[in-house]
Amino acid sequence: MSDQRDKAYLQPYTEAVKRFGAGFEATLWNSTAAQTLRFDVMIDLAGIRESRILDVGCGQGDLAAWLLKRKVPFAAYIGIDAIPEMIEAANRRDLPGCRFVAGDAVADPALLRTGDPDYTCISGTLNTMDDATAQKLVADAFAAASRGVVFNFLSTRHHPRFAGRDTTPARRRDPVAWLDFALGLSSRVAFDQAYLDGHDATIMVGKED
């Protein structure tokens, strides 16, 4: 029972895979256009070109596929996901230069050093976690990466048109509190929530020289 409670953040994805199969619907994104826009913001905010990239919560490998489609050069890419079916789906895509590994980086933070990453990307993965779990994952990822971590989340400081929208199972987070958390890790912090009218926010935390 304790293990199930500790891993409650995985339950929505496990249920989605059972319902929809290991595909886009199981990532719990509403649209591929919004997903790729989020990817673009992460890529540009972090400047991950020519880097070793670790993608935590990679799902079926959509970030890897987008990097290849955009012709963003990278030194290496490794995706990690706790749902084995999603890793199997990612591997079936046979994306060149990309490797996918099954594992839960929350339960096993040592996985965050896989491939000696320059940057760790965390897109959508925090959505089903409480703040304490999410912040520990980001802090562990930041410590394990040589250059930094970039992550996104649903923001509480959004355009009024999003008021009352049910985002379950994803949680909204206060971007001011998260910026304060990020600045506790490093002075090199970049932030953007203009791309979806405040519905979503992205933070990059870079290592200090």
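The values are calculated or read from the model by the stated rules, or taken from the named source; none is laboratory data. From a predicted model like this one, the values you see are computed outputs, not experimental measurements. Here Cβ is always computed from backbone atoms with ideal geometry, including for glycine, and neighbour counts include all displayed protein chains.
Miscellaneous remarks
- Residues (buried (at least 16 other Cβ atoms within 10 Å of the Cβ), touching an Asp or Glu at 6+ places or on another chain (Cβ under 9 Å) and of a type in the set (K, R)) located in the range 150-209: R171, R173
- Residues in the range 43-60 that are more than 15 Å from C98 (Cα to Cα) and out of contact with any Asp or Glu (no Cβ under 9 Å at 6 or more places or on another chain): I43, A46, G47.
- The single condition from (1) at pLDDT below 95; (2) surrounded by fewer than 22 Cβ atoms within 10 Å (Cβ to Cβ); (3) touching a helix residue (DSSP H, G or I) at 6+ places or on another chain (Cβ under 8 Å) that A26 fails is (2).
- Pairs linking a residue in the range 56-68 that is within 14 Å of F24 (Cβ to Cβ) and buried (at least 24 other Cβ atoms within 10 Å of the Cβ) to a residue that is among the β-branched types (V, I, T) and at pLDDT below 95, with Cβ atoms under 6 Å and 6 or more positions apart or on different chains, are G59/T27.
- Being modelled with pLDDT under 95 and within 29 Å of E208 (Cβ to Cβ) is a property that G79 lacks.
- Which numbered condition A33 misses (of (1) free of Cβ contacts under 8 Å to residues at least 12 places away in the same chain; (2) under 20 Å from Y9 (Cα atoms)): (2)
- R147 more than 15 Å from the chain's Cα centre (by Cα) and surrounded by fewer than 16 Cβ atoms within 10 Å (Cβ to Cβ): no
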